[in-house]
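The values are calculated or read from the model by the stated rules, or taken from the named source; none is laboratory data. Computed from a prediction, not measured in an experiment: that's the story for all the values here. All Cβ positions, glycine included, derive from the backbone under ideal geometry; neighbour counts span all protein chains shown.
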Amino acid sequence: MPRSKIKVIVTRRLPEPVETRMSELFDVELNTHDDPMTIEQLADAATRCDVLVPTVTDRIDGRVLARASDRLRLIAQFGAGVDNIDVQSAVSRGITVTNTPGVLTEDTADITMALILAVPRRIVDGVNAIQSGAFTGWTPTWMLGRRLYGKRLGIVGMGRIGQAVARRAKAFGLQIHYHNRKPIRPQAAEALEATYWESLDQMLARMDIVSINCPHTPATFHLLSARRIKLMKPEAYLVNTARGEVIDEAAMIRALEAGDIAGAGLDVFENEPNLNPRLKALHNVVVLPHMSSATLEGRIDMGEKVIINIKTFTDGHKPPDRVIPAML
Ligand code: 8YV
């Protein structure tokens, strides 16, 4: 691919240094208004570029890919998760897909830990009490939450982010348990004093806090099903900074309303950006607007990764962050 002719379409606004660098390197079309693209606009973009740079808000499904021209060779996702892209269908059309793993690990783990703290320790309740004027003085029985120290944290998905959560949680005195497709390296497990559960069901039944840190794939859709949520202890908390689709949201809301679980800290939802209003009404739930990886540094690093993936690909090499369908 001759470099001067590489046409790149970016679907959303990216941090200024990233857009500037892309403009220097490629014939780039930016979305200066930052309006999410419709299916029609995405399909049109797929006919006009060599490289498409989408984000989580763009659904690159079979319909869009069916209309892509042969010119489209690379989809360089700005994001770690690729569940918005039909990767199988892209790859079968000879389109390479890349993502940006690794650079949002620590930021995402920070917000996960913040939610693990916020829900049992009622941090948002406390802020609300101040703002509504309900704080009329300290009493021994007011604002009681639940202690973290010594409790069991069950991490579902012990990849980079899961392990980064585990490192933080261990420092807070939580006992680390995890469920994963396979156990992590023995040295890593030893350092974290982490217990591997082959059976997710058995782990869920014994945890005080469950944190979802696995990607959303066909295999993890509603992994926390109504049946599995029922296995959790009534005093357990659920935290999700991965993807809303990993939890059966309706079943989780029912469990929260019925007191079958004690609370939830959620950064992601099944039908973003639409939030089920019942979630907002629950006092034992802290909701955030999909912001776990939202740091300036992280977004710039993500942009760097996208640029490296595009450059290596267009220079005729395998880009470092290729997404292989068999790995999903
Ligand atoms: C990103 C995310 O902001 O990268 C991911 O998988 O969930 C987010 O934190 C978003 O995906 C950008 O596309």
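So that you can scan it fast, the table gives a plain yes or no per residue for (1) closer than 25 Å to A219 by Cα; (2) in contact with a Leu (Cβ under 8 Å, 6 or more places away or on another chain); (3) outside any loop (DSSP other than H, G, I, E, B); (4) not hydrophobic (A, V, I, L, M, F, W, C):
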residue: D125; (1), (2), (3), (4): no, no, yes, yes
residue: I130; (1), (2), (3), (4): no, no, yes, no
residue: W142; (1), (2), (3), (4): no, no, no, no
residue: G145; (1), (2), (3), (4): no, no, no, yes
residue: L153; (1), (2), (3), (4): yes, yes, yes, no
I'm trying to understand the selection: among the residues of the stretch 259-277, which are over 16 Å from V246 (Cβ atoms) and crowded, with 20+ Cβ neighbours inside 10 Å?
A262, G263
Does the stretch 216-245 hold any residues that are within 16 Å of the ligand (Cβ to nearest atom) and either closer than 20 Å to A114 by Cα or at pLDDT below 95 (or both), and which are they?
V239, N240, T241, A242, R243, G244
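In the set L30, L74, which member is in contact with a Phe, Trp or Tyr (Cβ under 6 Å, 6 or more places away or on another chain), more than 13 Å from the ligand (Cβ to nearest atom) and not assigned by TED's automatic domain parsing to the domain that holds V268?
After ruling out the rest, the residue left standing is L74.
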Note on the stretch 36-59: residues in a loop (DSSP other than H, G, I, E, B) and more than 16 Å from the ligand (Cβ to nearest atom) are T38, C49, D50
Within the stretch 87-101, of all residues that are surrounded by fewer than 20 Cβ atoms within 10 Å (Cβ to Cβ) and free of Cβ contacts under 8 Å to residues at least 60 places away in the same chain, the one nearest to the ligand (Cβ to nearest atom) is S89
Of all residues in the stretch 33-54 being polar (S, T, N, Q) and over 20 Å from I6 (Cβ atoms), which is surrounded by the fewest Cβ atoms within 10 Å (Cβ to Cβ)?
T38
When only residues in the stretch 278-304 that are more than 15 Å from the ligand (Cβ to nearest atom) and not hydrophobic (A, V, I, L, M, F, W, C) count, which is surrounded by the most Cβ atoms within 10 Å (Cβ to Cβ)?
N284
The listed residue being assigned to a loop (DSSP other than H, G, I, E, B), farther than 28 Å from L74 by Cβ, in contact (Cβ under 8 Å) with a residue 12 or more places away in the chain and not basic (K, R), out of P289, P273, P320:
P289
